[in-house]
Amino acid sequence: MNPHHPHHPSTDDAQPLLRPTSIGELRLPNRVVMAPLTRARATNPERVPTELHAAYYGQRAAAGLIVGEGVWVGEQAIGFGGVPGLHTERQVAAWRQVTGLVHALGGRIVAQLWHTGAVSHPDHLGGALPAGPSAVNPQETVHTPYGRQGTVTPRAMTGADIERTIEAYAAAAGNARRAGFDGVEIAANGIYLLAQFLNRRLNRRTDRYGADPTR
């Protein structure tokens, strides 16, 4: 290198987060990923995304990838107010407006599929008990239309319940594709349904869905 002409780092060298990258077949313009964050702005009775959702995600389309807020895979998944779904045609159509704007601004966005399982409350489910791996109260607090309340003892999911839930996830993933999302993330974090199945305190099943493989 000529000492009289010092090297000036390129933008990629100085800002590695701005380098393009790929996740599978999805090409990202940079390496900045926006994490999901529940916004609780779908306050209409049908839990349909609104123009506010489009504005919110459009403002963040410069990120290499947006992981959207959790969306319900079905009516039985609900456990939080104001969260949009991805299981009806109206919801799919509304999300298409959101993803269309993000794409028009050069962004990428994936849907996060959510099911709260036992960490719900009858107030979210028309008075019905929430369902979880086993009839064990997770002892958590739930935000309901009537304020913060403790969880109740859920009913244990039957084999048929589990099969229907798997089908709901599959249908929501298909809906995400039709709504224009670039992919899906399955929310398996924290205290919600999939994590409950991995928790030996909450999952006392002795069938093939049990948390203890020695049983």
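Some points to look at:
- Flag if R204 is modelled with pLDDT of 95 or more, charged (D, E, K, R) and within 22 Å of V142 (Cβ to Cβ): yes
- The lone exception for G127 - which of (1) open to solvent by 20 Å² or more (accessible area, probe 1.4 Å); (2) touching a residue at least 60 places away in the same chain (Cβ under 8 Å) it fails: (2)
- Qualifying strands (runs of 3 or more DSSP E) (wholly inside the range 126-208; at least 2 residues being out of contact with any strand residue (DSSP E or B) (no Cβ under 8 Å at 6 or more places or on another chain)): 141-144
- Subset of the range 25-70 (residues that are within 23 Å of H87 (Cβ to Cβ), part of a strand (DSSP E or B) and touching a strand residue (DSSP E or B) at 6+ places or on another chain (Cβ under 6 Å)): I66, V67, G68, G70
- Hits in the range 50-82 - residues which are surrounded by fewer than 21 Cβ atoms within 10 Å (Cβ to Cβ), among the β-branched types (V, I, T) and closer than 27 Å to E163 by Cα: V67
- Residue in the range 138-150 that is within 30 Å of Q97 (Cβ to Cβ), surrounded by 15 or more Cβ atoms within 10 Å (Cβ to Cβ), in contact with a helix residue (DSSP H, G or I) (Cβ under 9 Å, 6 or more places away or on another chain) and polar (S, T, N, Q) present: yes
- If you go through the range 186-215 and pick out every residue that is in contact with a helix residue (DSSP H, G or I) (Cβ under 8 Å, 6 or more places away or on another chain), open to solvent by 60 Å² or more (accessible area, probe 1.4 Å) and touching a residue at least 24 places away in the same chain (Cβ under 8 Å), you end up with 2.
- Meets criteria (over 22 Å from the mean Cα position of the chain (by Cα) and either over 30 Å from G79 (Cα atoms) or open to solvent by 90 Å² or more (accessible area, probe 1.4 Å) (or both)) for P45: no
- Any hit, the range 176-185, residues being under 18 Å from P84 (Cβ atoms), among the basic types (K, R) and without any contact (Cβ under 8 Å) to a residue 24 or more places away in the chain: yes
- Look at (1) touching a residue at least 60 places away in the same chain (Cβ under 8 Å); (2) within 19 Å of the chain's Cα centre (by Cα) and you find that P138 fails only one, number (2).
The values are calculated or read from the model by the stated rules, or taken from the named source; none is laboratory data. Note that the structure is predicted; figures quoted are calculated from it, not measured. For neighbour counting, all protein chains shown are included, and Cβ atoms are generated from backbone atoms with ideal geometry for every residue, glycine included. For accessibility, only protein heavy atoms count, side chains too; no ligands or nucleic acids. Shrake-Rupley method; radii C 1.70, N 1.55, O 1.52, S 1.80 Å.
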